[in-house]
Each structure stands twice: as C-alpha cells, then as structure tokens.
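Participant: Following this message is one structure expressed as structure tokens.
The values are calculated or read from the model by the stated rules, or taken from the named source; none is laboratory data. Since we're looking at a predicted model, the values are computed, not measured. When we count neighbours, we look across all protein chains shown, and the Cβ atoms used for this are built from the backbone with ideal geometry, even at glycine.
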Amino acid sequence: ISGTDRPVIRPLDEAAINRIAAGEVVERPASAVKELVENALDAGARRVSVDYSAGGKVLIRVTDDGCGMTAADLPLAVARHATSKIDGSDLLNIHSFGFRGEALASLGSVGRLTLTSRAEGHDAAQITVTGGREGPVKPAALNRGTVIELRDLFFATPARLKFLRTDRAEAGAIAEVVRRLAMAEPMVGFTLSEIAEGEAPRQIFRADPQSGDFFDALHGRLTQMLGADFTTNALKIDVGREGLHLSGYAALPTYSRGSSVQQFVFVNGRPVLDRMLLGALRVAYFDFLSRDRHPAAVLNLTCDPERVDVNVHPAKAEVRFREPEAVRSLIITGLRTALSGAGHRASTTVAD
Ligand code: ADP
Ligand code: MG
C-alpha cells in the first residue's frame with residue numbers, strides 16, 4: 001500500500017472498545033450469568049436467585065441480598081475498568097471473583113442492562129445502559145441488595161447472536177454455571193428459575209444455605225447438587241503440604257461415571273476448567289478405574305493467592321501455578337492415599 005491509500009490509525013470509540021472486550025468476557029448467556037452471580041457473591045450475598053427466559057437470550061435477572069450500591073456507585077459500576085475489588089497495585093493478591101472491572105461495562109454494551117440497588121443507609125437507585133448508551137441514575141424502590149437485569153443479550157452484536165445455540169442448550173449451560181458456583185459457596189442459598197412467557201416461573205433447582213464447618217457445609221451442598229448417591233460414595237479429602245491444601249470429596253471408584261461430567265475443581269474457591277488439574281485427577285484414579293470410566297470428585301485447592309495467577313484468561317477459567325508440579329503431585333498422592341486407604345486396590349490388569 002502506498003501514498004494516499006495508507007491506512008489511517010485512529011482510536012476506537014468507547015462503545016466499540018466495550019463490545020470488543022465483551023467478545024472475550026461474554027461468550028454466551030451462561031458467561032453473563034457467571035459474571036453476575038460472581039458479583040453477587042463478591043458483594044457478600046447470603047442468597048442469590050437467578051431467573052432467565054429463552055435460555056438467557058431474552059432475559060437474565062440476578063437478585064442478591066449483598067452490600068448493594070449507592071446512587072453514586074452506579075455510573076462507576078458500569079464504567080469500564082472501574083472496580084471496588086483491587087487497587088491495581090496488587091494484581092497478585094486477589095481474594096474476590098472479580099477484579100477486571102469489565103463485566104458490567106461489557107454487558108451494557110451488548111445488551112440492555114439495568115442495575116437496581118440499595119446500600120445500607122442509602123435510598124435505592126437505578127441505572128440503565130442500552131447497547132453502550134448510559135441513561136441517568138434514577139430513584140428506585142428496593143428493600144436491600146441488588147437486582148441486575150440483562151435483556152436482549154447481543155442485540156447490539158447480531159453476529160454473536162447468530163452463534164448462540166438453542167434455548168435449551170443455553171439454559172443447560174446456565175444451570176451448569178450456577179451449579180458450579182453453588183458448590184463453591186455452600187453457605188449461600190441459590191435458586192435458579194426459568195420464566196416462560198405467560199407462565200408461572202419454573203424452578204430448575206434450589207439449594208438452601210448450608211451451615212457447619214467447611215466439610216459439613218460442602219457435604220450438604222453436594223448432596224443437594226449431585227445427590228446422596230455421590231456423597232454416600234465419596235471419601236473426604238483433606239491433605240496439605242508446603243502451603244498447598246486440597247479439600248473436598250472424591251467418589252469411590254465403584255461410583256465412577258461414563259463421562260467426566262462430575263468433575264469439579266476449584267482454586268481458592270473459584271471454579272476452574274484447568275487441564276493440568278483435571279489431568280492430575282485422571283492420573284490419580286488411573287490404577288483404580290478401567291479406561292472407559294471417569295472419576296467423580298469435587299476438589300478445592302487452596303494456596304496463597306500469590307502462588308496462582310487467575311489473570312490468564314478473561315473468563316478466569318484457566319489458572320497458572322507458580323509450582324505446577326507440586327500441585328499435581330499433591331492431587332495425585334492425596335487422592336491415591338485416600339483411595340488405597342478405602343481398600344480399593346488397583347483394579348489390576350484391566351483388559352483394554
Ligand atoms: P469487577 O467485578 O471485576 O469489579 P464488574 O464490572 O463485574 O467488575 O463490577 C463493577 C463493580 O460494580 C464491582 O467492583 C462492584 O463494586 C460493583 N457491583 C457489581 N455487581 C454488584 C452487586 N451485585 N452488588 C454490589 N456491588 C456490585
Ligand atoms: Mg465482576
């Protein structure tokens with residue numbers, strides 16, 4: 001390219017920047033649900049309810065009883081790169097689900113987003129952002145906490161809309177996201193309901209808040225989420241070494257599944273889909289299961305936040321450990337010891 005045909009470099013406008021970011025953060029309705037529920041949990045909610053219509057394409061609504069926001073907070077909450085969760089100087093010490101300050105700005109740029117919130121000692125207020133256009137803050141009526149409504153997700157990005165799957169498939173992905181977060185936070189109550197036009201809301205599931213110590217609460221929650229069949233067949237895992245700790249429940253080999261649908265791994269309470277961690281789980285069971293069977297387990301790995309980077313991926317599904325080998329070996333030896341202790345000898349020489 002030469003002369004006057006040379007391309008001109010110009011900055012993108014804010015709406016375009018947000019839409020591009022949204023492409024990474026919000027892939028489908030379930031990703032929006034994940035961001036909104038994580039925000040509710042970060043706000044200290046004890047109860048979170050999620051309602052959706054048409055697989056989340058028409059409506060997603062997340063209601064929480066957390067700390068809420070003031071009228072002055074609302075424009076900041078929907079602004080890009082504004083967050084109450086970190087101060088920017090310490091990206092290695094993250095204790096909340098969120099920290100990028102991108103989710104609400106992204107959702108407001110690709111859908112019709114309404115935040116209604118009330119912080120203690122303040123009046124309730126509301127703000128709407130539609131396809132990146134921000135409306136004024138208005139007074140509202142709300143007892144406590146926050147209600148976030150997202151309508152017509154991707155109406156502003158029709159190309160993305162076309163890639164969505166059937167309502168049923170998207171609803172399934174939403175349920176999966178809420179289930180994972182419900183397993184990560186047993187002390188919090190969750191409800192998930194589908195609202196079909198002209199019909200009464202249909203409850204998909206409800207998980208009451210659990211109490212007791214970590215293991216009691218998790219046990220109760222897993223009975224709700226995976227069934228008593230899982231918990232009565234699961235071994236308690238509680239092992240640690242050198243600042244790494246692995247806790248949760250791992251099913252006996254006799255409870256194995258034909259697929260990996262019952263494998264849930266959390267890092268410092270954050271649901272992750274990490275290949276290294278799932279690989280270690282598979283290796284741990286290798287001698288106990290025939291090749292076509294998959295272990296079932298719910299495991300939470302905790303460590304100093306400085307030893308794991310959750311900022312590898314916009315949706316934070318992958319993580320990177322400073323000492324991956326130590327993590328891998330803790331999972332493998334921790335699970336193997338528990339399985340051997342339960343009298344489950346390696347199911348020797350499985351005919352492949
Ligand atoms: P992040 O979670 O990374 O901070 P978000 O865009 O998801 O970014 O949210 C921006 C800010 O809005 C949060 O830091 C928080 O202060 C506020 N916020 C969002 N959702 C809620 C909620 N449900 N309750 C209280 N505050 C919220
Ligand atoms: Mg967030």
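Participant: Out of the range 293-315, which residues are more than 21 Å from LEU222 (Cβ to Cβ) and without any contact (Cβ under 8 Å) to a residue 60 or more places away in the chain?
Facilitator: Result: VAL308, VAL312, HIS313.
Participant: Another question, if that's okay. Which residues, taken from the range 1-22, are of a type outside the set (Gly, Ala, Ser) and at pLDDT below 80?
Facilitator: Across the range 1-22, the qualifying residues are ILE1, THR4.
Participant: Scan the range 33-75 for residues that are under 25 Å from ARG165 (Cα atoms) and acidic (Asp, Glu) and report the count.
Facilitator: Residues flagged as under 25 Å from ARG165 (Cα atoms) and acidic (Asp, Glu) within the range 33-75 amount to 3.
Participant: Taking VAL147, is it closer than 28 Å to VAL267 by Cα, modelled with pLDDT of 95 or more, crowded, with 16+ Cβ neighbours inside 10 Å and away from ligand 2 (no atom under 12 Å from the Cβ)?
Facilitator: yes
Participant: In the range 68-86, how many residues are within 9 Å of ligand 1 (Cβ to nearest atom) and crowded, with 19+ Cβ neighbours inside 10 Å?
Facilitator: Matching residues across the range 68-86 total 7.
Participant: Within the range 227-250, identify whether any single residue is part of a helix (DSSP H, G or I) and assigned by TED's automatic domain parsing to the domain that holds TYR52, and answer yes or no.
Facilitator: Looking for residues that are part of a helix (DSSP H, G or I) and assigned by TED's automatic domain parsing to the domain that holds TYR52, one finds none in the range 227-250, hence no.
Participant: Please verify whether SER193 is surrounded by 13 or more Cβ atoms within 10 Å (Cβ to Cβ) and either free of Cβ contacts under 8 Å to residues at least 40 places away in the same chain or more than 18 Å from the chain's Cα centre (by Cα) (or both), treating the condition exactly as stated.
Facilitator: When the stated conditions are applied, SER193 does not pass them.
Participant: Is there a residue in the range 299-308 that is part of a loop (DSSP other than H, G, I, E, B) and either at pLDDT 90 or above or not hydroxyl-bearing (Ser, Thr, Tyr) (or both)?
Facilitator: Yes.
Participant: Only one of VAL62, VAL37, VAL33, VAL78 is closer than 18 Å to GLY132 by Cα and within 14 Å of ligand 2 (Cβ to nearest atom); which?
Facilitator: Answer to the selection: VAL78.
Participant: Oh, and also: Is there a residue in the range 37-44 that is within 25 Å of VAL177 (Cα to Cα), part of a loop (DSSP other than H, G, I, E, B) and in contact (Cβ under 8 Å) with a residue 60 or more places away in the chain?
Facilitator: Start the filter on the range 37-44 by keeping residues that are within 25 Å of VAL177 (Cα to Cα), which leaves 37-44.
With part of a loop (DSSP other than H, G, I, E, B) added as a condition, the list becomes 43-44.
Then drop every residue that is not in contact (Cβ under 8 Å) with a residue 60 or more places away in the chain, which leaves 43.
Yes.
Participant: Working carefully through the options LEU36, LEU115, LEU74, LEU92, find the one that is in contact with a strand residue (DSSP E or B) (Cβ under 8 Å, 6 or more places away or on another chain) and at pLDDT below 95. Give the derivation first.
Facilitator: Working: LEU36 fails: at pLDDT below 95; LEU115 fails: at pLDDT below 95; LEU74 fails: at pLDDT below 95.
Exactly one of LEU36, LEU115, LEU74, LEU92 is in contact with a strand residue (DSSP E or B) (Cβ under 8 Å, 6 or more places away or on another chain) and at pLDDT below 95, namely LEU92.
Participant: Since GLY198 meets every condition but one in (1) modelled with pLDDT of 95 or more; (2) on the phi > 0 side of the Ramachandran plot, which condition does it not meet?
Facilitator: (1)
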